[in-house]
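Asker: Can you read through this structure? Questions will come right after.
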Amino acid sequence: MQWETVIGLEIHAQLATESKIFSASATTFGAEPNTQASLIDLGMPGTLPVLNAAAVEMAVKFGLAIDAELGRTNIFARKNYFYPDLPKGYQTSQMDDPIVGKGHLDITLEDGSVKRIGITRAHLEEDAGKSLHEDFHGMSGIDLNRAGTPLLEIVSEPDIRSAKEAVAYVKSIHALVRYLGICDGNMAEGSLRCDCNVSVRPKGQEAFGTRAEIKNVNSFRFIEKAINHEIQRQIELIEDGGKVVQETRLYDPNKDETRSMRGKEEANDYRYFPCPDLLPVVMEDSFIEGLRSQLPELPVQKCERFQSQYGLSTYDASVLSASREMADYYEAVVNVCDDAKLAANWVMVELGSLLNKEDLEIDQSPVSAEQLGGMIVRIKDNTISGKIAKMVFEAMAAGEGNADQIIEAKGLKQVTDSGAIEAMLDEVLAANAAQVEQYRASDEAKRGKMFGFFVGQAMKASKGKANPQQVNELLKKKLEG
Amino acid sequence: MPVHTLTLGQISTALANKEFSAEELTRDLLARIEQENPRTNAFITVTAEQALEQARAADARRAAGETGALLGAPIAHKDLFCTQGVRTSCGSKMLDNFIAPYNATVVEKLANAGCVSLGKTNMDEFAMGSSNASSYYGAAKNPWNLDCIPGGSSGGSAAAIAARMVPAATGTDTGGSIRQPAALCGLTGLKPTYGRVSRWGMVAYASSLDQGGPMARDAYDCALLLGAMAGFDSKDSTSVDQPVDDYLAALEQPLKGLKIGLPKEYFGAGLDSRIGAATQATVAELEKLGATVKEISLPNLQHAIAAYYVIAPAEASSNLSRFDGVRFGHRCDDPADLTDLYKRSRAEGFGAEVKRRIMVGTYALSAGYYDAYYIKAQQIRRLIKNDFLAAFQEVDVVMGPTTPNPAWALCAKGNDPVAEYLEDIYTITANLAGLPGLSMPAGFADGLPVGVQLLAPYFQEGRLLNIAHQYQQVTDWHRQAPTGF
Amino acid sequence: MALERTDVEKIAHLARLGLAEDELTATTATLNNILGLIDAMQAVDTTGIEPLAHPLEATQRLRADVVTETNQRDAYQTIAPAVEQGLFLVPKVIE
């Protein structure tokens, strides 16, 4: 049977506020345990929450960026359950009236096509603390530094049809929140976490299959693997005559499998009700419009501009606008070299593979945008050839300086003096007299093939520095001669 | 005159006139507490050392030229206001070992005004009760009859004032917890408009209903204290950013032209006839002072208890989840696992009434019952508020008995929570609607004090204090002291 | 809507209140008494009435995003039942 996958994602993005959502504690990652847990974060009796303006503003910016309906009156609710990392015994969240309503995000797939993913809602809530399971005489340790960190939970429609699409969507959300400056996107530190709701159904069937939720997947790679694993598990289960159970599962990257959390998680009844310590958040038009005017150029807009302003293909434009850092880097290169296409090639191909190999992010690039732009200038003014440029690039990556310094130090300047090239060619032809004879005796078709041999020898003799165009022209003249 | 017989106002004048120092006064009252607390059980904790320190500081401030009316004024705090370095028990075993690491805003404000806190007063556990019987520390006794309850939940504050151990105290009122014990102990007590007094540091029972306020012998003292307690607090989202009225100045207004509404529903079945008569006598007295009286209707009064006993437990069930034996409070011995830690710590730490309300609230919020209970109760809450808004179109204040009955014997309602809930009928509407309410002494029934309640539109605490003060100029119920105290 | 013993057990579990077997019957009876009082409100017609969650119907104030809290761990943990290396200890949390 042909199966179709249906995926909906819940992304928790930690908002990049200085202080927590309901208290004035710092949100800095990695502090000593419980040193950033105030009276409020500890759920001390008698303490009360006051809402952080920045968290509201960030959520609104996100809503504007996905063209969403904004909840002009939004309500905080308590989600009640007991867990040691949840100090008050409830999580302050939003249920019926979230701050961000229905919106959408366009994602670019690998084949360059664009797909629109619906976003059901996004709501504000507080993060929980952390349980540490190092053995304290059979006890767990609770660190509440993270408790109260603002989260934006972004819930997608079940519009996603494959693990690759899911990754593309998460990458787009990741790029968007970073463009907006509302989340640092650091998945390793848990700043962006993803719950994946996965189900399968026979192709053509309209009704959804039963879904399983894979909790807390924290890298793009794991999202793809976890979903693919889960799809496979569900299909095999159904084809063997079994039934998918609605449950929460955990992805284990070490074993590359998902496993049920059933039995460990009880049937919960969260008893949501409006938080009586917080009042309805009412947002006026002027507040929202003020935030709209602060929005930066967003990925979709940037992608369109890259196509129209720089003449890039849709795919190139989408890759180069995928992150704010990437786009900024690219435009800095263009600014220096004034050649959008060469810049795009170098950033995507050579720099891309270098970063990939070294497992670095663009903002950690060992070659700065100024250096790369400067090198492209030297290609354009014929100081170096494209081939030599790769050597220069490698040297820049190794920290040997900028292009001009490397060209100078290694003597890589292209030879364009035709007298010098002719002298060198004469030597090459003399050293290969037999081949010259052969060439001259051959017909047009065969000559074409043999010509490459002489070019190769000539470039080798010049250590690659001779201007290839001049070599071609002069060599032809001499051989025909 | 012995200092313990003085009101806060009289003490304020005496301190200003240097008739005695704050330290001398504090020593005298601490001695009085030592003598009278054993038979009233009004205080859970007496903070003698801190009190003397505060008194000396007040004397120093006065010597330096300060003149605040509350400089050196002795008070006590209900034991659910957090007091830094001092146990804040909420009348519960759960918090028997809880030394609050911070001060409630009310505590801070009164301390800044120069008040000397003598200690923390007894209360129904987590403010859940109308009798003080649910206190882990044993019930406070009513000084008018030591076999009777002082009312609750601020019963310790009421007993302490009635027994002349302290002239005034803080209380909190979620469904009548200031007004009812004030009525039962012959005192004046005011529940301010919701949001008038900061809830920061006031351990929550039901967040949308709780409000702190003053309890004292007369309206003047309540005005004095409220002026220092009230005010905007940026730490409480529900605190209202509005200037605090000059309550003392408001006291002197004549009552001529005052329109009083008497809700007919307040005088129906269930009301002790002696209290009904005392209320009517009070009406007559106010008419003599120039007020006019009109019968009005609050048709949804009858549903108030039902709505209250959904909303308050629902909020409480969530508010009390933080008592889990992890970061503070009681923790059971040798928990086998996490669930055992929670269940045993909470079962051991909470008393029967608290558990009951947590369970009722948990049920009312649970899947399938939320609409039928919680939403329904919130709808009725609006109907009740609307009743008052309509009434205040016609009259300036609403008046009636504070309680249907005088203080009852300690064990009278022991096993029947519902019987005790019914005693809240007249007071809970003010909490549901968020309105200010005041109870003042209006007579006696067989030697037990009887109170009359006044309710006013939002933020008209000044009007309530004014009426009570004018009434107290022509009556002396508030000057009566229980025999033996 | 009378509660059965099993309902009470479920509620007690949700609220994490240990309830001994011999308390169940009495607790069930008391809770049913209270619910009897509460259930009277089912007779009230509330069609079209907006629920009232806060008496004053005010709106939420927002706090400037500024860190003012400092590390008070030692002071706050002096009242904690079990602490080690700055962490609150609980029986093993099973994931």
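Asker: Need pairs with beta-carbon distance below 7 Å; first residue at the interface with another protein chain (Cβ under 8 Å from one of its Cβ atoms) and within region C:1-15, second surrounded by fewer than 17 Cβ atoms within 10 Å (Cβ to Cβ) and of a type in the set (A, V, I, L, M); sequence gap 6+ or separate chains.
Answerer: Filtered contacts from region C:1-15: C:8/C:24.
Asker: Could you pull out the residue among A:152, A:64 that is touching a strand residue (DSSP E or B) at 6+ places or on another chain (Cβ under 6 Å), more than 14 Å from chain B (Cβ to nearest Cβ) and in contact (Cβ under 8 Å) with a residue 24 or more places away in the chain?
Answerer: It is A:152.
Asker: What's the number of the condition residue B:371 fails, among (1) surrounded by fewer than 24 Cβ atoms within 10 Å (Cβ to Cβ); (2) farther than 28 Å from residue A:131 by Cβ; (3) touching a Pro at 6+ places or on another chain (Cβ under 9 Å); (4) within 13 Å of chain A (Cβ to nearest Cβ)?
Answerer: (3)
Asker: On to the next question. Looking at residue C:24 and the list (1) under 21 Å from the mean Cα position of the chain (by Cα); (2) at the interface with chain B (Cβ under 10 Å from one of its Cβ atoms); (3) surrounded by 13 or more Cβ atoms within 10 Å (Cβ to Cβ); (4) farther than 24 Å from residue A:90 by Cα, which single condition is not satisfied?
Answerer: Result: residue C:24 fails condition (2) only.
Asker: Collect the residues in region A:88-102 that are under 19 Å from residue A:73 (Cα atoms) and buried (at least 21 other Cβ atoms within 10 Å of the Cβ), keeping them in residue-number order.
Answerer: Within region A:88-102, A:94, A:98, A:99, A:100 qualify.
Asker: Would you check if residue A:460 is out of contact with any Gly (no Cβ under 9 Å at 6 or more places or on another chain) and either among the charged types (D, E, K, R) or more than 26 Å from residue A:384 (Cα to Cα) (or both)?
Answerer: yes
Yes/no matrix, rows are residues, columns are (1) within 14 Å of chain A (Cβ to nearest Cβ); (2) within 30 Å of residue B:100 (Cα to Cα):
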{"site": "B:199", "(1), (2)": "yes, yes"}
{"site": "B:213", "(1), (2)": "no, yes"}
{"site": "B:216", "(1), (2)": "no, yes"}
{"site": "B:220", "(1), (2)": "no, no"}
{"site": "B:237", "(1), (2)": "yes, yes"}
{"site": "B:240", "(1), (2)": "yes, yes"}
{"site": "B:249", "(1), (2)": "no, no"}
{"site": "B:252", "(1), (2)": "no, no"}
{"site": "B:273", "(1), (2)": "no, no"}
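Asker: Then there's this: Anything in region B:449-485 that is assigned to a helix (DSSP H, G or I), buried (at least 17 other Cβ atoms within 10 Å of the Cβ) and among the polar types (S, T, N, Q)? List them, or say none.
Answerer: Correct list: B:466, B:470, B:472.
Asker: What are the residues in region B:450-485 that are farther than 20 Å from residue B:192 by Cα, under 17 Å from the mean Cα position of the chain (by Cα) and charged (D, E, K, R), if any?
Answerer: Of everything in region B:450-485, nothing turns out to be farther than 20 Å from residue B:192 by Cα, under 17 Å from the mean Cα position of the chain (by Cα) and charged (D, E, K, R).
Asker: Looking for whichever is of a type in the set (Val, Ile, Thr) and away from every other protein chain (no Cβ under 14 Å) here; the options are B:305, B:296. Which one fits?
Answerer: B:296
Asker: For region B:375-393, which residues satisfy the criterion of being more than 7 Å from chain C (Cβ to nearest Cβ) and either basic (Lys, Arg) or out of contact with any strand residue (DSSP E or B) (no Cβ under 6 Å at 6 or more places or on another chain) (or both)?
Answerer: B:384, B:386, B:387, B:388, B:389, B:390, B:392, B:393
Asker: Among the residues in region B:147-161, are any surrounded by fewer than 24 Cβ atoms within 10 Å (Cβ to Cβ) and of a type outside the set (Lys, Arg)?
Answerer: Yes, the conditions are met somewhere in region B:147-161.
Asker: Which residue, of A:313, A:353, A:260, A:308, is among the small types (Gly, Ala, Ser), at pLDDT 95 or above and either exposed (fewer than 14 other Cβ atoms within 10 Å of the Cβ) or within 30 Å of residue B:209 (Cβ to Cβ) (or both)?
Answerer: A:308
Asker: Can I ask one more? Inspect all residues belonging to region B:311-322 and state whether any of them is within 12 Å of chain A (Cβ to nearest Cβ), without any contact (Cβ under 8 Å) to a residue 12 or more places away in the chain, out of contact with any Cys (no Cβ under 6 Å at 6 or more places or on another chain) and basic (Lys, Arg).
Answerer: Yes, some residue in region B:311-322 is within 12 Å of chain A (Cβ to nearest Cβ), without any contact (Cβ under 8 Å) to a residue 12 or more places away in the chain, out of contact with any Cys (no Cβ under 6 Å at 6 or more places or on another chain) and basic (Lys, Arg).
Asker: Another question, if that's okay. Checking the structure you have, find out if any residue of region B:327-336 is among the charged types (D, E, K, R), over 22 Å from the mean Cα position of the chain (by Cα) and assigned to a helix (DSSP H, G or I).
Answerer: Taking every residue of region B:327-336 in turn, none turns out to be among the charged types (D, E, K, R), over 22 Å from the mean Cα position of the chain (by Cα) and assigned to a helix (DSSP H, G or I).
Asker: Of the residues B:258, B:338, only one is more than 14 Å from chain A (Cβ to nearest Cβ) and crowded, with 19+ Cβ neighbours inside 10 Å; which?
Answerer: Checking each option against the conditions leaves just B:258.
Asker: Would you point out which residue out of B:385, B:413 is among the basic types (Lys, Arg) and in a loop (DSSP other than H, G, I, E, B)?
Answerer: Just a single option satisfies the conditions, and that option is B:413.
Asker: Which members of region C:46-67 meet the condition of being touching a Lys or Arg at 6+ places or on another chain (Cβ under 8 Å) and either within 30 Å of residue A:35 (Cβ to Cβ) or modelled with pLDDT of 95 or more (or both)?
Answerer: Residues satisfying the conditions are C:46, C:49, C:50, C:51, C:52.
Asker: I need the full set of residues from region B:394-442 which are within 12 Å of another protein chain (Cβ to nearest Cβ), in contact (Cβ under 8 Å) with a residue 24 or more places away in the chain and polar (S, T, N, Q), in order please.
Answerer: Those that are within 12 Å of another protein chain (Cβ to nearest Cβ), in contact (Cβ under 8 Å) with a residue 24 or more places away in the chain and polar (S, T, N, Q): B:429, B:431.
Asker: Residue C:67 versus (1) out of contact with any Asp or Glu (no Cβ under 6 Å at 6 or more places or on another chain); (2) facing another protein chain (nearest Cβ under 7 Å): which is the lone unmet condition?
Answerer: That leaves (1) as the condition not met.
Asker: Looking at residue C:13 and the list (1) closer than 28 Å to residue A:17 by Cβ; (2) in a helix (DSSP H, G or I); (3) not acidic (Asp, Glu), which single condition is not satisfied?
Answerer: (1) is the only condition that residue C:13 fails.
Asker: Determine whether region B:71-92 contains at least one residue that is in a helix (DSSP H, G or I), more than 14 Å from chain A (Cβ to nearest Cβ) and among the small types (Gly, Ala, Ser).
Answerer: Looking through region B:71-92, none of the residues is in a helix (DSSP H, G or I), more than 14 Å from chain A (Cβ to nearest Cβ) and among the small types (Gly, Ala, Ser).
Asker: Mind listing whichever residues of region C:68-82 are in contact with a Lys or Arg (Cβ under 9 Å, 6 or more places away or on another chain) and among the aliphatic types (A, V, I, L, M)?
Answerer: Of everything in region C:68-82, those that are in contact with a Lys or Arg (Cβ under 9 Å, 6 or more places away or on another chain) and among the aliphatic types (A, V, I, L, M) turn out to be C:79, C:80, C:82.
Asker: Next up: Can you give me the number of residues within region B:59-84 that are farther than 25 Å from residue B:155 by Cβ and either crowded, with 17+ Cβ neighbours inside 10 Å or out of contact with any helix residue (DSSP H, G or I) (no Cβ under 8 Å at 6 or more places or on another chain) (or both)?
Answerer: The total comes to 12.
Asker: When only residues in region A:126-139 that are closer than 21 Å to residue A:75 by Cβ and in contact (Cβ under 8 Å) with a residue 60 or more places away in the chain count, which is farthest from the other protein chains (Cβ to nearest Cβ)?
Answerer: A:127
Asker: Scan region B:341-349 and give yes if some residue there is within 14 Å of chain A (Cβ to nearest Cβ), among the hydroxyl-bearing types (Ser, Thr, Tyr) and either outside any loop (DSSP other than H, G, I, E, B) or within 24 Å of the chain's Cα centre (by Cα) (or both), otherwise no.
Answerer: yes
The values are calculated or read from the model by the stated rules, or taken from the named source; none is laboratory data. Computed from a predicted model, the values in this text were never measured in an experiment. Every residue, glycine as well, gets a Cβ built from its backbone with ideal geometry; the counts of neighbours run over all protein chains shown.
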